[in-house]
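Reading through the structure tokens given below for one structure.
The values are calculated or read from the model by the stated rules, or taken from the named source; none is laboratory data. Just so you know, these numbers come straight off a predicted model, no measurement behind them. No Cβ is skipped: glycine too gets one built from the backbone with ideal geometry, and neighbour counts run over all protein chains shown.
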Amino acid sequence: MKTQCDCPGGQERLARARRAFLLAAGGSAAATAMPQAWAQVSVGESSVARNLVPAEQLEQAGAQQYGQLIEQARAKKALAGPNDPQLKRLRAIAQRIIPFAPQWNARAAQWKWEVNLIGSKQINAFCMPGGKIAFFTGILDQLKLTDDEVAMVMGHEVAHALREHAREQMAKKTGTGLALSIGAQLLGLGQLGDLAARGATQLLSLQFSRSDESDADLVGLELAARAGFDPRASVTLWEKMGKVAGDGSSMSFLSTHPSGPDRIAKLQANVPRVMGLYEAARPR
């Protein structure tokens with residue numbers, strides 16, 4: 001396989017591109033290094049595998065798919081307007097959680113956060129890379145969530161984005177082929193839109209590992225507690241999830257976020273760790 005570039009200045013260009021690729025991966029790794037000393041919950045370091053996928057490109061892919069989803073909802077008249085009470089509620093909760101996001105990922109300070117509500121019976125919610133949050137009305141209406149429980153869902157989904165679980169899963173799923181594709185784009189040998197298009201079609205269908213789910217539970221628990229939401233709501237949330245899991249309704253959320261006694265037990269064990277944060281932050 002030919003690896004040399006015979007074009008004028010090719011060697012220098014190749015060296016510059018390689019340096020740029022390594023700096024992009026290294027910079028992304030530094031941005032997500034977590035200062036464990038201040039964290040009240042105990043989670044491991046993010047996987048180094050994620051560094052095969054530059055964070056900025058995945059965030060662009062997330063923004064692309066999110067925009068498409070919002071436009072589709074708008075076309076179907078399923079997108080909540082700015083004066084919708086439930087959307088106002090979601091955005092108010094997000095405004096309290098988001099300021100604590102950069103503690104877990106420095107890139108989050110530069111994200112263009114969005115929060116939208118889509119009319120659908122699906123019990124679902126997500127946060128794409130780059131801070132693109134969406135809730136479906138089904139999760140609010142069918143589970144009759146309190147503000148504290150909404151904050152636990154939102155904290156969990158935001159934690160997936162902050163801990164870059166989608167980036168890690170994409171790196172593992174597509175492996176070296178994706179890394180080589182990114183390298184080719186940095187060399188000017190491929191189309192920049194190709195990666196974004198491929199990534200955008202995969203982001204919503206990615207399934208996180210059991211470890212990722214536990215990680216997001218705990219980081220989300222702390223995010224919500226720091227924002228002044230009662231961490232005990234994490235337990236009542238998953239108790240509600242467990243009750244509706246067997247009714248056969250559109251349970252997109254539970255298909256990727258299984259409920260169970262082990263999950264609840266781990267949350268119960270960690271609630272005392274963050275109660276002090278909640279007590280210090282909760283509205284008086």
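Points to keep in mind about this one:
- Residue that is modelled with the lowest pLDDT [pool: residues in the stretch 187-233 that are of a type in the set (S, T, N, Q), closer than 23 Å to Trp104 by Cβ and in contact with a helix residue (DSSP H, G or I) (Cβ under 8 Å, 6 or more places away or on another chain)]: Gln207
- Filter result (more than 18 Å from the chain's Cα centre (by Cα), more than 13 Å from Leu87 (Cβ to Cβ) and either crowded, with 24+ Cβ neighbours inside 10 Å or not β-branched (Val, Ile, Thr) (or both)) within the stretch 108-148: Ser120, Lys121, Gln122, Gly138, Asp141, Gln142, Leu143, Lys144, Leu145, Asp147, Asp148
- Breaking point among (1) more than 30 Å from Tyr278 (Cβ to Cβ); (2) under 18 Å from the mean Cα position of the chain (by Cα); (3) of a type in the set (A, V, I, L, M, F, W, C); (4) surrounded by fewer than 18 Cβ atoms within 10 Å (Cβ to Cβ), for Leu69: (4)
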